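Let me begin by presenting the structure, written as structure tokens, before commenting on it.
Values quoted throughout were computed directly from the atomic coordinates according to the rules given, and no laboratory measurement underlies them. The shown structure was predicted, so the numbers you read here are calculated from the model rather than taken from an experiment. Because the Cβ atoms are built from the backbone with ideal geometry, glycine has one as well, and the counts that use them run over all protein chains shown.
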Amino acid sequence: MKDSYPDQIQSAGNGQNRSIIALILSASATLLLAVAMGLSVVIIPTTLKNNGISNTLIGLIMSLETIASILISFFFPMLLHFISMKTGLILSTVLRIPSLLLLAYTSNPFIWALAVFLNSVGCFSFLILLQTWIVGLKFKRNQGLMVALYSTSLSLGLAMGPILLEYAGKLLSLVPPDIKDFIIKQTLTSDVTLHGMSPRFYFILTASISLLALLPIIMGFVYIPSFKFKGSGDIWKSIMHAKGPMFAIAMAGVSFFGVSAFITLYGLKNQLTLQESALLLTCFMMGSLLLEAPMGWVSDYIDRRYVIVIAAFLSMLCAVYLPIAIYVNYQAFILLFIWGGVIGAIYSTSLALIGDKYEGEALVAANAGYSLMEAAGGTVGILLIGYTMDAFGSDGLPYVIMLASIVFFSFALTRYRVV
């Protein structure tokens, strides 16, 4: 028997119109935060590399993002004992901005590690709160499509980040000359520039966009549930009762976080320019953007488990062919586009499966378990990829993701259980 929703969630989710408004607000906030995350996922590793940091140490620093996500996921139900969703969204924003400014004004790798961790705590707290809100909404039909549209906003933002990295300097030329000169003077450093601007400029830009993510929350404050967790759900029980989507999201975490953190460096190591390498990440995110919603719609009409298994198999094929396709730009861009789409399909379809299975406080615990498995996969993936790229060359990236895909695909064929 499913738990019933607390009254606060019911009142926030009653009515198709209110649900759609909630979807628009949360997707808008997610989009803006994802743009900031898309910027940071490029400028953090490239700035560290320009400062002479090894791939192993870069992997350790980048893995702090997923470690933060693990901690937030694990303590998320406990967190909702003490603060409401509304308060959590505000506090997570307060945590992000100083961390990004700290990255802008220091080059010490140990301080960077702390700042990356704190910023990640703020980002993932914000996202998991929005995700819990959206999964709890009940649409009259096409639940999978609606969840996929929300997830697409995340992919769109992450794809826009690298594009903004390329054109931010050109957009700056549109502002009045006095303001432009002031901005350049305040952000000027001796570091290696990215597209003609200093890393400090991009970190300040990232902080500004991250702050803007709070605007849709403030505009739609009345729609956000004030629900607090009372402790009737169990994270580990949720994971074991829904092994299929939980293990799928762990595998997807290896691919998503691994590609996000290292595909730019992978391109550079294979003789691509910085612009071409950044476009690899853009293609990956654009694939998720354009293919995730159609595949989410398909999952509304066929068994969602089949969608996940097919997507896992295609992810494995993409990892196999990356070392071949990387030498021809258009082939690499197409492959990353498809890869992003199938990983995005795993994300949204797994989330929809969890929404089908759980409600109320059990849903809060299951959603925390979903995020925990995603972050665990991402952490292991980033650490292994960083090590294998140092030990065996750039192809350590596809090797690790290939292994993760094979492990899940083998599980899915032999022991897949969802209900």
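Summary of computed values
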{"read-out": "Label-to-label distance, nm, for residues given as THR273 and ILE20 (7 Å Cα→Cβ offset)", "value": "4.5"}
{"read-out": "Estimated FRET transfer efficiency when R0 is 22 angstrom, pair VAL222-PHE82 (beta carbons, to 0.05)", "value": "0.50"}
{"read-out": "Neighbourhood net charge (15 Å Cβ-Cβ; Lys/Arg +1, Asp/Glu -1) for VAL380", "value": "-2"}
{"read-out": "Residue-wise HN-Hα coupling along the stretch 151-161, computed from phi with Karplus coefficients 6.51, -1.76, 1.60 (Hz; x: Gly, Pro)", "value": "4, 4, 4, 5, 5, 4, x, 5, 6, 6, x"}
{"read-out": "Neighbour-count ranking [beta-carbon atoms within 10 angstrom, fewest first] of VAL116, VAL298", "value": "VAL298, VAL116"}
{"read-out": "Ascending count of other beta-carbon atoms within 10 Å, so fewest first, for SER208, SER99", "value": "SER208, SER99"}
{"read-out": "Residues ASP234 and ALA391, FRET efficiency given R0 of 60 Å [Cβ-Cβ distance, rounded to 0.05]", "value": "0.95"}
{"read-out": "Cα pair count fraction exceeding 17 Å, expressed as % - the stretch 283-379", "value": "56"}
{"read-out": "Projected label distance in nm at THR414 and TYR321, using a 7 Å step from Cα toward the beta-carbon", "value": "2.8"}
{"read-out": "Relative contact order (%) - the stretch 292-419, alpha-carbon pairs under 8 angstrom, separation at least six", "value": "34"}
{"read-out": "Separation of alpha-carbon centers, the stretch 300-372 and the stretch 26-65, rounded to whole Å", "value": "21"}
{"read-out": "Vicinal HN-Hα couplings computed from phi for the stretch 336-341 (Karplus, 6.51 cos²θ - 1.76 cosθ + 1.60; Hz; Gly/Pro x)", "value": "5, 4, 5, 4, x, x"}
{"read-out": "Neighbour-count ranking [beta-carbon atoms within 10 angstrom, fewest first] of TYR327, TYR387, TYR347", "value": "TYR327, TYR387, TYR347"}
